[in-house]
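The values are calculated or read from the model by the stated rules, or taken from the named source; none is laboratory data. Quantities reported herein were computed from a predicted structural model and do not represent experimental measurements. Don't worry about glycine lacking a Cβ; one is built from the backbone with ideal geometry, like all the others, and counts go over all protein chains shown. Please note that ligands, DNA and RNA were not included when accessible areas were found on the heavy atoms of the full protein model with its side chains. Shrake-Rupley method; radii C 1.70, N 1.55, O 1.52, S 1.80 Å.
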Amino acid sequence: MSITKYRTLKDVPKEEFLVAGTPLCAGCGALLVIRLFHKALGGNVVWVNAAGCVTLMATFPYTPLRSSWFYTAMPSAPAGAQGIRDALDILIKKGKLDPAENLKVVVITGDGAASDIGLQSASGAIHRGLDFFYLCVDNEAYGNTGFQASSLSPIGSGTATTKPTHLYPAGNVLPKKDLFEIWRSHRPPYVATISPSHVVDMLRKVEKALSFKGPKLFLALCPCPTGWGIEPSESVQLARLAVETGIWPLKEAVYGEVTHTHIPSKRRPVEDYLKVQRRFAHLFKPIKNEAVIAEIQKQVDEYWSKVER
Amino acid sequence: MSEKSDKNGEGDHMVLKMLTGSQAVAWAARLARAEYIPAYPITPQTEIIEILSEWVRKGEMEAIFVQMESEHSLLTAAGTAAATGARVFTATSSQGLLYGFEMLYSIAGWRAPLVLVNVARALAAPITLEPDHNDVLAARDSGFLQFHAESVQEALDFVLLAYRVAEDNRVLLPAIVNIDGFHLSFTRERVDLPEQSTVDEFLPEYKPVNPIRASEPVAKGIPVLIPPLYSFFKYQMHMASRNALNVFREAAKDFEKMFFRSYATVEEYMLDDADTVIVMSNSFAAVGKQAVNAMREEGRKVGLLRIRLFRPFPTDDIVKSLRGKKCVVVVDQNISIGKGGITCPEIAEALYHLEDRPKVILPVIAGLGGKSISLEEFRHAVRVAERLASLKAGPDGPLLLFREDEAMLVDSLLKIASGG
Ligand SMILES: Cc1ncc(C[n+]2csc(CCOP(=O)(O)OP(=O)(O)O)c2C)c(N)n1
Ligand code: SF4
Ligand SMILES: [Mg+2]
């Protein structure tokens, strides 16, 4: 492990870049992640956003950010980052812009934008080696439009378009895409998963990423009280459960080489995570859907059996 | 293959070259010192981006050329780069323009001035490569300024003028320069290639308004969830576009002083004593002018009005040119399915309240998918209009021009397709 300035929660920087006063829901995991992530990034940032819940952070004439923000469109925030990065580069190169005015360019999108409509744009930017950060705040559905299924919605989850019915007792029958692996297959300098429950892990990863030029990609599990059916006060706890059950592995890949940054010593059963969320309630009531729960557990076990080997 | 011109004794200011439309707009981007060129290939635009990428790779242009993964991304990058302060050039066509359609409105709303050359090509389906103007006119309401070129020289000059108008603080809107695929993009014509120093004088450095900088954080493109705010910003764009009319006229004056070519928003061809006026735009207007010449020889008082600036719509100039005429024949090289041509209603609206408005405004559809327009078709359209005028009648729908030889050709192809 390289030298880090983050050892305990006491090391979380005090400086705030995201201040209070946004219309996002109480307990929004995405908001918490952005706030912490920004602390590790530091100042001189421009966020490039695609349509999603966090788009509503800045609505005219207010912005809760001390940094810059550019809402582009749902499918193409990474392309927006390309334009900003390239423009800053050429203006600095030509001597038209003071290098002190340079900015870190950070794409911020939801999981739907990242894995579905904006996947092409992300792939293009990563392929070109664009020097940027990508923070995907993954609430596992299209939150802003009312929590419809995205390709990052997990199997067994109920969403507005995968409601459990007698024909589809499991709710969502499609598996969650492995966006970490999709990103990693481009061999960018840095890819990581993060969680708002593991703050030091998150800050260290951002710290590490700052040393690389090129794409630096973060996939953050962001509990969503509104869509998941949990209390606002439970967001961090749910994120922690996702890590402790092994559902959300914390890892990083440097130029494609994967390291797990936190291996739960004893994984809790996935049931502990599922049963406390309304979106999985149909797996427990009126009758327990043992098959689906067992399938989810099996997938997690298989994943870790490869890691632990 | 170039020679110094001694026209007007101003030999230093220009070089004569034989250039295609594609080469000409690439030269214009270079002379404008475009510094950011996001691109994505589509026939018939490819020659433009191939030339520019080569110049950048050879270090002949100090610019970043980046090949994007789609036109949607291309336009996004173009817009954010312009908002950050780079002078941006790009080009696309047809399906590409439509693929990026969402971003046309966004870029205009960001008030990000940049120049996009659209190489006109008719839209699928059925798919084809030949031009008409349904692609560029689909962008009509987006907020982009629109310059429509007839010749290779105009294509080059309009790119320079477009930057000058788009970047003006009274305007701050992106611009499309339309050149017809094949007919202009791949046709060589003799072109006055301006000198770099004169272009630099005509086109000062782009000074972005509220760009993204570390020292002054900004929030761009953000939602306005209060309806009056939305209306306010849209009205602002509209007024900025209307400002572009006079900004264009000013720029055209300077342009004439420096380059000895004068451009009004419209071109009048044999209009003074004309009773019937054909209204057209883009490269097929050259064929229209030939038809006017032929009909003049036959003793018909026909003229042609060509629209150069389509957005903002030069209502006043069109009124000046068309008031008091007997018949107006609007040749739309596009079709709004279920209605007719896109330009004709705009012309009609401009003329409606005049006492001396033309008796007949005949909507004509021609040249779709690059279909040629023959002298006979022009003659027919003029005859129909004049006949309606003498009957004091109006048209009962757009006149769809199609020749007998073409009908026979289509018939024979339909037979083959049905296996007969
Ligand atoms: C081209 C386009 N299609 C659809 C939408 C509608 N839309 C806006 S936000 C959104 C949901 C975004 O979901 P996600 O990316 O997961 O972000 P979240 O809201 O969950 O944070 C959708 C579908 C849009 N804005 N643009
Ligand atoms: S719906 Fe979920 S992701 Fe969206 S703002 Fe509310 S809590 Fe956050
Ligand atoms: Mg989401």
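What the table shows:
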read-out	value
Threshold 20 Å² - residues in the stretch B:73-92 whose accessible area is reduced by that much or more when the chain is no longer isolated, probe 1.4 Å	B:73, B:76, B:80, B:84, B:86
In sequence order, calculated HN-Hα J values of the stretch B:115-126 (Karplus, 6.51, -1.76, 1.60; Hz; x Gly/Pro)	10, 10, 8, 9, 8, 4, 8, 4, 8, 6, 9, x
Residue among B:151, B:281, B:70 with the largest mean-square fluctuation in a Gaussian network model of chain B, springs linking Cα atoms under 10 Å	B:70
Neighbourhood charge, 11 Å Cβ-Cβ cut-off, centred on residue B:119 and excluding it, Lys, Arg +1 and Asp, Glu -1	-2
Cβ-based net charge around residue A:5, under 15 Å, with every Lys or Arg adding one and every Asp or Glu removing one	+3
Degrees, to the nearest 10: B:21-31 long Cα axis against longest axis of chain B	30
B versus A: buried accessible surface, summed, Å² (probe 1.4 Å, to nearest 100)	3300
Space enclosed by the convex hull of the alpha-carbon atoms of the protein assembly as shown, per residue, Å³	207
Charge tally in the Cβ shell below 10 Å around residue B:38, where Lys, Arg are +1 and Asp, Glu are -1, residue B:38 excluded	-2
Other-chain or far-sequence residues with amide H under 5 Å of residue B:117's (modelled H)	B:90, B:91, B:92, B:177
For the stretch B:326-417, fraction of C-alpha pairs farther apart than 18 Å, in %	50
Exposed trypsin sites (Lys or Arg not before Pro) absent - longest run of chain B, DSSP non-H/G/I/E/B, at most 11 other C-beta within 10 Å	B:59-391
Chain B: relative contact order as a whole-number percent, Cα under 8 Å and 6+ apart	14
Å³ per residue enclosed by the Cα convex hull of chain A	133
Shielding by partners, peptide A:116-122 (average Cβ within 10 angstrom, other chains)	2
Of all accessible heavy-atom area on the protein assembly as shown, the percent that carbon and sulfur account for (1.4 Å)	55
Residue-by-residue Karplus 3J(HN,Hα) for the stretch A:44-56, coefficients 6.51, -1.76, 1.60, Hz, glycine and proline x	6, 10, 10, 8, 10, 10, 10, 3, x, 3, 6, 4, 7
Positive-end residue of A:25, B:68, A:73, charge dipole of the protein assembly as shown with Cβ unit charges	A:25
Peptide A:62-74, shielding by other chains (average Cβ, 10 Å cutoff)	5
Prolate/oblate/rounded call for the stretch B:266-407, Cα gyration tensor, a/c under 1.5 rounded	rounded
Residue among A:151, A:57, A:82 farthest towards the positive dipole end of the stretch A:49-166, charges placed on Cβ	A:82
GNM top mover of B:117, B:177, B:364 - chain B, alpha-carbon springs below 10 Å	B:364
For residue A:139, residues with placed amide H under 5 Å, excluding near neighbours	A:111, A:222
Percent RCO, i.e. relative contact order, over the stretch A:9-305, from Cα pairs under 8 Å lying at least 6 residues apart	17
Residue-averaged [θ]222 nm for the protein assembly as shown, counting only DSSP H segments that reach four residues, each worth -39500 (n - 2.57)	-11000 deg cm²/dmol
GluC sites (Glu not before Pro) restricted to the stretch B:257-362 and DSSP loop, no more than 13 other C-beta within 10 Å	B:298, B:355
Solvent-accessible heavy-atom area per residue, rounded to whole Å², over the protein assembly as shown at 1.4 Å	41
Relative contact order of the stretch A:183-309, defined on C-alpha pairs under 8 angstrom at six or more residues apart (%)	24
Simple spin-label estimate for residue A:56 and residue B:407 in nanometres, 7 Å along Cα-Cβ	6.0
Viscosity 0.890 mPa s, 25 °C: Kirkwood-radius Stokes-Einstein D of chain B over Cα pairs, µm²/s	110
